[in-house]
Amino acid sequence: MAGLEAIDVVLASLSKAFSSSIGILAFIQGCTICLTLAIGWAFAAYVRNNVIRQMRRRKEDGHSFSFLCDNINDLEHSAQENLPMVSVVMPLKGFGEHNLRNWRSQITSLYGGPVEFLFVMESTEDPAHHAIRKLISDFQDHVDAKIVVAGFSTTCSQKIHNQLVGVERMHKDSKYVLFLDDDVRLHPGTIGALTAEMEKNPEIFIQTGFPLDLPSASFWSYCIYEYHMPCSLGFATGGKTFFLWGGCMMMHADDFRNNRYGLVSALRDGGYSDDMTLAAIAGQHKRLISSPPVAIFPHPLASDLSFLRYWNYLRKQTFVLESYVTKVNWFMNRALFLVHCYLSWAFILPYFMAATHIAVSLRSPYTNETSLKEASASCGLLLAVVLIICTLLELISMWNLTKVEIQLCNLLTPEGPRVCLNSFNWALVLFAVLIDNFMFPITACRSYITQSVNWSGIQYYLADGKVSKIQRLKKTGPNYTYLAGKRLHGKLLRPSRNSFFSSLCRALAQWQQPKKE
């Protein structure tokens, strides 16, 4: 009984403190963050939904290939033969459960112009090598695809090194270069849509997109989904944005050939994050970054994603804030670091306060502690109810945006595997919201203190915002990486057989190619 009385006193003290002016201000702050996210997701859903309505309207008007282009006349041979050449550079590392399907979606693009695919890996010992060779052999008569062995990086991250080697090997006639991560499941018309925007507006420096995470049964996959949802707001603008996702970036090939703005040097000489480096250069020179509303890609997460892989992924994400190109870039990263950490804990604090108020209300009828009964009569329970309402509005808005993006993905890939919202567990989403916002400041501080991170079995160390040391951990590093559960070492099973959609794409690709004499 004495223990319960002590707990009652503690609950009463906490409830009284949380009902003070500062406590009420913290509640208002948390509710404001919830409502801001809800409004932002509602706007993003509106932008994506406009595209859905336009596609359905064009389909009703007889344009059955609206998932490929806006104007059916763009599919005429006279228009297709004038399309510019695109080089698709795909830096690879390891092999995961969803990679093969992603690679198939990339090389079976229905882009009508000349396109080449460069799979770039550090060595032929990479587990992806066998799968890529088999994939290329299946499509060797229909697509221009090749494997490029880049070797080990010494002055930058392995991904950037692979990208730059891929750029060096791209065709001399390529007008645009498209960088794709191996976790991007491309739509048949994505390359065409990105190219059309670049042709329409030559002022675009970089075009980008964003993934739609599809959580698995693992709770930590929901944490990844929740982490990306607020970030997605910056990519649902329908055009101009200040954000850049390294998983999908289309740029002018000549910008790399001519080392415009020193971007090749910035990437090669100590670059850790491709998207953060290029976004900083774009901001420094006031160049346009664009994110078309159709650039949203299904991203199935690993079915066995563990806490350690989630932690390592979050560490990798926060570690990019420690890299920078200029002093202005350093200042912006520090500001983003502080604001994100503050907002994360400012978001979850009211939930702890609300839990305390609810506990006081539930406990007060069964205790003789006067202070607890007085605390239960305060405004604490009302504040908790307001927070619950704001949280429900936030979750409804998140659900609505996810539903709209799933509908858009299904429209953009009409013959592909259907993406479904029914598999989402929204109780896990709510719990993931709290856990992820609690974890972010911890991982960010960890990155700030250590100035090093393990990325796919390679330990990177930073000095003055640039990669200063690279240590490869092949023998002692993990067998799997983060989201896709990619195997970094060891043998692989043979790839699965082709799907109907892959066969259809291959047939169409063969029809578009000129016949060999």
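The values are calculated or read from the model by the stated rules, or taken from the named source; none is laboratory data. The structure displayed is predicted, hence computed values, not measured ones. Cβ placement follows ideal geometry from the backbone for every residue including glycine, while neighbour counts extend to all protein chains displayed. Only protein heavy atoms, including side chains, enter the accessible area calculation; ligands, DNA and RNA are left aside. Shrake-Rupley method; radii C 1.70, N 1.55, O 1.52, S 1.80 Å.
Being open to solvent by 40 Å² or more (accessible area, probe 1.4 Å), assigned to a helix (DSSP H, G or I) and under 20 Å from GLY209 (Cβ atoms) is the requirement here; does MET276 meet it?
So MET276 fits the description; yes.
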Check your understanding: Does LEU308 fit the bill of being at pLDDT below 95 and not β-branched (Val, Ile, Thr)?
Key -> yes
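Checking the conditions here, which among SER303, SER323, SER344 is small (Gly, Ala, Ser), open to solvent by 50 Å² or more (accessible area, probe 1.4 Å) and within 21 Å of the chain's Cα centre (by Cα)? So that I can check it myself, show each step before the final result.
Working: SER323 fails: open to solvent by 50 Å² or more (accessible area, probe 1.4 Å); SER344 fails: open to solvent by 50 Å² or more (accessible area, probe 1.4 Å).
Selected residue: SER303, the only one of SER303, SER323, SER344 that is small (Gly, Ala, Ser), open to solvent by 50 Å² or more (accessible area, probe 1.4 Å) and within 21 Å of the chain's Cα centre (by Cα).
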Practice item. Go through the range 424-440 and give me each residue that's open to solvent by 10 Å² or more (accessible area, probe 1.4 Å), in contact with a helix residue (DSSP H, G or I) (Cβ under 7 Å, 6 or more places away or on another chain) and of a type in the set (A, V, I, L, M). Key: LEU428, LEU430, LEU434, ILE435, MET439
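Yes or no, residue by residue, for (1) modelled with pLDDT under 90; (2) in a loop (DSSP other than H, G, I, E, B); (3) more than 24 Å from the chain's Cα centre (by Cα); (4) of a type in the set (A, V, I, L, M, F, W, C):
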position: GLY113; (1), (2), (3), (4): no, yes, yes, no
position: HIS130; (1), (2), (3), (4): no, no, yes, no
position: SER137; (1), (2), (3), (4): no, no, yes, no
position: GLN140; (1), (2), (3), (4): yes, yes, yes, no
position: VAL148; (1), (2), (3), (4): no, no, yes, yes
Study note, to complete from the structure: Filtering the range 441-459 down to residues that are assigned to a helix (DSSP H, G or I), touching a Phe, Trp or Tyr at 6+ places or on another chain (Cβ under 8 Å) and open to solvent by 30 Å² or more (accessible area, probe 1.4 Å) yields TYR448
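Considering only residues of the range 386-435 that are charged (D, E, K, R) and over 21 Å from PHE43 (Cα atoms), which is modelled with the highest pLDDT?
ARG418
With a cut-off of at least 3 residues that are under 29 Å from ALA432 (Cα atoms), name the strands (runs of 3 or more DSSP E) lying wholly within the range 202-256. Walk me through how you get there before you give the answer.
Numbers: elements: 204-208, 210-214, 248-252.
Fully inside the range 202-256 and qualifying: 210-214.
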Check your understanding: Applying the selection to the range 38-65, what residues are crowded, with 16+ Cβ neighbours inside 10 Å and without any contact (Cβ under 8 Å) to a residue 24 or more places away in the chain?
Key -> ARG58, HIS63
Study note, to complete from the structure: Of those in the range 326-341 that are under 20 Å from the mean Cα position of the chain (by Cα) and open to solvent by less than 40 Å² (accessible area, probe 1.4 Å), the residue farthest from GLY271 (Cα to Cα) is CYS341
